[in-house]
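Here the structure is laid out as structure tokens; the discussion comes afterwards.
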Amino acid sequence: METSRENRVRSLSEGRTLVVMAKAPRPGMVKTRLAPSLSPEAVTAFYGCLLEDTLALALSLNDVEVAIMCCASDVNELARLAGNQARVVAQKGEGLAAGLTSVFTHFAQDHQKHDHQKKDHQQRIIAFNSDSPHLPRYVLEDAFETLAAHDVVVGPTHDGGYYLVGAKASHPTLFAGDGMGTSSALERLLSRARELELSLGFAPHFYDIDVADDLTRLAEELRLAPARAPRTARWLKEWDATAH
């Protein structure tokens, strides 16, 4: 039976890394836009389900190293959640822009250390949000394939942001602090990529979970296919029963 360490070494040789951008599930610190609809404790429990199912989705891919990037104060809690299935790395700096910059800086260097003798090695690193366990697995697989032929791959959300971004190298100026988490986040990212003369590929548009309407949409989707995100499906079934 292959150990998690053997699997990680093999994944490094494949050059594909999927990094989940996560926070520790704590009241008032996650999914704050759901606060008008849910209590802080309910939001926290819901996010915990999203995170666990997202991690399970990431781990279901073959020949991919899975990691978690988070702020330093969340490392221990997320490491307990991940067990030995994924390593947890503390980002440098505060906020999502700093976290994304840390992903590509850290893992590009990590691959170079392990694969410096491989002339034909091509690393592919994708950062993925922690609240999309309902994303079809093939979208992540296709994103890695798209990245093989482009410098950057982006998965846009319907609200003007993005649920994943990938690159084959570190581009420190690609993520600036302005506009992150807003309806202009995608537009700004694409503009910077073009300024850097990076070729762009795209994953399909998708939705993430920010407001109450998203909960309703996700509940309807997982009612038909609960196995896609079983923890989240159970939580939403209970929420749906009490909310309506």
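For the range 228-244, the tally of residues that are open to solvent by 70 Å² or more (accessible area, probe 1.4 Å) and closer than 11 Å to PRO133 by Cβ stands at 2.
List pairs: first residue in the range 32-54 and part of a helix (DSSP H, G or I), second residue of a type in the set (D, E, K, R) anywhere in the structure, Cβ distance under 6 angstrom, at least six positions apart or on different chains. What qualifies is ARG33/ASP210; VAL43/LYS31; TYR47/LYS31; CYS49/ARG231; LEU50/ASP131; GLU52/ARG231; ASP53/ARG231.
Being free of Cβ contacts under 8 Å to residues at least 40 places away in the same chain, open to solvent by less than 50 Å² (accessible area, probe 1.4 Å) and over 16 Å from the mean Cα position of the chain (by Cα) holds for only one residue in LEU189, LEU174, and it is LEU189. Residues in the range 44-78 that are at pLDDT below 95 and either among the hydrophobic types (A, V, I, L, M, F, W, C) or over 18 Å from PHE107 (Cβ atoms) (or both): ASN62 only. Within the range 130-157, residues that are closer than 19 Å to LEU100 by Cβ and of a type in the set (D, E, K, R) have Cβ atoms under 7 Å from residues that are outside any strand (DSSP E or B) and open to solvent by 30 Å² or more (accessible area, probe 1.4 Å) in these pairs: ASP151/LYS168; ASP151/SER199, counting only partners at least 6 apart in sequence or on another chain.
Let's see how each residue does on (1) among the basic types (Lys, Arg); (2) in contact with a Ser or Thr (Cβ under 9 Å, 6 or more places away or on another chain):
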{"position": "GLY161", "(1), (2)": "no, yes"}
{"position": "GLY166", "(1), (2)": "no, yes"}
{"position": "SER183", "(1), (2)": "no, no"}
{"position": "ARG194", "(1), (2)": "yes, no"}
{"position": "PHE202", "(1), (2)": "no, yes"}
{"position": "ASP214", "(1), (2)": "no, no"}
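Restricting the range 90-123 to residues that are modelled with pLDDT of 90 or more and touching an Asp or Glu at 6+ places or on another chain (Cβ under 9 Å) leaves a set whose member that is farthest from HIS205 (Cα to Cα) is ALA90. On the stretch given as the range 182-231, residues that are within 20 Å of LEU140 (Cβ to Cβ) and of a type in the set (Val, Ile, Thr) total 1. Restricting ALA203, ALA169, ALA185 to those that are touching a Gly at 6+ places or on another chain (Cβ under 7 Å) and farther than 30 Å from ALA42 by Cα reduces the list to ALA203.
The values are calculated or read from the model by the stated rules, or taken from the named source; none is laboratory data. Every value quoted in this text rests on a predicted model; they were computed, and no experiment measured them. Here the Cβ is made from the backbone with ideal geometry for all residues, glycine too, and neighbour counts use every protein chain on show. These area figures cover heavy atoms from the full protein model, side chains too; ligands, DNA and RNA do not enter into them. Shrake-Rupley method; radii C 1.70, N 1.55, O 1.52, S 1.80 Å.
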